[in-house]
Amino acid sequence: MSFKDLKLNRPILRAIAEAGYDNPTLVQEKTIPLILEKKDVVVSAQTGTGKTAAFALPILQSLFDRQDASKKGRKIKALIISPTRELALQIEENFKTYSAYTSLKTAVVFGGISIEPQKEILKKGIDILIATPGRLLDLHKQDFLNLDYVETLVLDEADLMLDMGFIDDVKKIERLCTKEKQVLLFSATIPYKVEQLANSILNNPERIEVAQNSSTSKNVNQLLYLVPKKDKIELCLHLLRKTIKGNIIIFRRTKFGVEKLEKTLLNNGFKADSIHGDKSQTARQEALDKFKKGDVNILIATDVAARGIDINDLDAVVNFDLPNIPETYVHRIGRTARAGNSGIAYSLCSADEKAYLQSIQQLIQLQLDVIEDHPYPLDPKAKPIVHKSKKTGSKHKKGRKSGASKKKKKRWY
Ligand code: AMP
């Protein structure tokens, strides 16, 4: 299928061709026609599948058809709610790219920066607004927003939005828009609470699922290092010096952990920056820009701050802490080995993370390749439990140090 088959107008086709898109991705192929038919949709798709264009292109298409009318006294006709500021900015960038040859106007509002310039932008009139929930409600309370003309409401990364506690805000925002609007819900996973939200605010939605949340790319070499908790930093430094090369994201569970690791890496001469929820919006954006430009090659992040951010061409992902939600592991390592490239995921696991490791391996139906030959092995007295050995699907390439993982022995991992 080509973009032309999706019946998009010429200015939009021109913009996406310039962006280098040859053909629609699967989620675009499945979703765009339904959105153009004005159906409500629930789409289960992760970042990296092209989901932003899947809603942005049909929204632009339907607004483009009426753009002459919209020039006089622009009203917000499409509202996109995003859980994080970074994602909101990224969505805005995409809308601007795709609408470059139309006169439609897009703006983004989020917290953590001054509200005044945002009021000025809204006063001038826009067609499409991308917003984080809190700032949107603030602006509405202060009477700088009229949502009476919203025809399409998009809830992006709905599962994260609910995890971050935005459920009441989302419901409030939904009620501020007209009843007749079309609602599009995008979510990496569809847990029960997202399903409940969809049932309460969407009208007979079509459901689309593009990627199994439990599948990891065959091109990612998934390596496991068993290490005492106290030695994790030393092992991480050792790996960064000797083994891991290129552009790297290191994930930590907590903001405190991110800060601590960043300091250590900087003190050891590495070029690193970080993103987490306690950093100002400007500092987060600066860190991302530095990483994207190549001024630093290591980005340390919490899952929430990194979720939804489009960072391609990663050589490696390091799970400094194993995530307590197994699906998060899949999200994290999905950031490497995109578009058919290969990548490596390094997971550092201490004895107290045993249960997390087991849930991850159960979800992905794979045993990670254990690298035993490293200077900080786990205390041999750490309690092993008998675990049935499954065949792994991954092969060692870069970073392989021994064939120890192939040995059959009692192990708890
Ligand atoms: P998303 O899942 O929306 O974050 O998109 C992930 C990446 O895929 C972004 O860099 C998009 O610019 C890119 N992308 C989206 N649609 C296409 C397409 N049809 N062809 C090539 N790249 C695309």
| said: Give the aspartates and glutamates reachable from Lys4 as a straight Cα distance under 19 Å; neighbours fewer than 8 places away on the same chain don't count. | reply: Glu18, Asp22, Glu29, Glu37, Asp65
| request: Quick one: divide the alpha-carbon radius of gyration of region 248-334 by 2.2 N^0.38 Å and tell me what you get. | output: 0.99
| query | aspartates and glutamates within cross-link reach of Lys290: Cα-Cα under 16 Å, excluding same-chain residues under 8 positions apart? | reply | Glu86, Glu262, Asp273, Asp310, Asp313
| Solvent accessible area, Å² - Arg207, 1.4 Å probe, full protein context | 120 Å²
| Nearest-10 value in Å² for the accessible area of His140, using the 1.4 Å probe | 50 Å²
| Do any of Lys229/Lys260; Lys38/Lys172; Lys171/Lys193; Lys96/Lys171 go past 24 Å between their Cα atoms, and which? | Lys96/Lys171
| field | C-alpha long axis of helix 26-36 to longest principal axis of the chain, angle in ° | value | 20 degrees
| note | Sorting Lys181, Lys290 on solvent-accessible surface, 1.4 Å probe, most exposed first, gives Lys290, Lys181
| query | For the chain, what is the mean residue ellipticity at 222 nm derived from helices alone (per DSSP H run of n ≥ 4: -39500 (n - 2.57); sum divided by total residues; nearest 500 deg cm²/dmol)? | reply | -11000 deg cm²/dmol
| field | Histogram of C-alpha separations across the chain, 20 Å bin width, % | value | 26, 53, 20, 1
| task | Among DSSP beta bridges lying fully in region 85-210, give the percent that are antiparallel, nearest 5. | result | 0 percent
| request: Please find, in a Gaussian network model of the chain (springs between Cα atoms separated by less than 10 Å), the residue of Leu176, Leu288, Leu322 whose mean-square fluctuation is greatest. | output: Leu176
| Integer Hz, Karplus 6.51/-1.76/1.60 couplings in order for region 190-195, x for Gly and Pro | 10, x, 3, 5, 6, 4
| field | Between 0 and 90°, nearest 10: helix 167-176 axis offset from the chain longest Cα axis | value | 10 degrees
| So which aspartates and glutamates can Lys181 reach, going by Cα to Cα under 12 Å and dropping same-chain residues fewer than 8 places off? | Asp40, Asp148, Glu151
| message | Between helix 255-267 and the chain, what is the angle of the helix's C-alpha long axis to the longest principal axis, kept within 0 to 90° and rounded to the nearest 10? | response | 60 degrees
| said: Need one number: nm distance between label points at Ile121 and Lys38, each 7 Å from Cα along Cα→Cβ, rounded to one decimal. | reply: 3.0 nm
| note | Volume per residue (Å³) of the convex hull spanned by the alpha carbons of region 3-209 is 110 Å³
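Residue separation times 0.36 nm, minus the C-alpha to C-alpha distance between Asn146 and Glu93: what's the value?
Full-extension gain reported as 16.8 nm.
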| message | Rounded to the nearest percent, how much of the accessible area of the chain (1.4 Å probe, protein heavy atoms only) is carbon and sulfur? | response | 49 percent
| request: Over the chain, give the accessible area per residue in Å² for a 1.4 Å probe, as an integer. | output: 46 Å²
| remark: By the mean-Cβ-within-10 Å protection proxy, highest first, 91-97, 161-167 rank as 91-97, 161-167
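The values are calculated or read from the model by the stated rules, or taken from the named source; none is laboratory data. Everything numeric here is computed off the predicted structure, so don't read it as measured data. In this analysis, Cβ positions are derived from the backbone assuming ideal geometry, glycine residues included, and neighbour counts consider all displayed protein chains. Areas reflect the complete protein model, heavy atoms only, side chains present, ligands, DNA and RNA absent. Shrake-Rupley method; radii C 1.70, N 1.55, O 1.52, S 1.80 Å.
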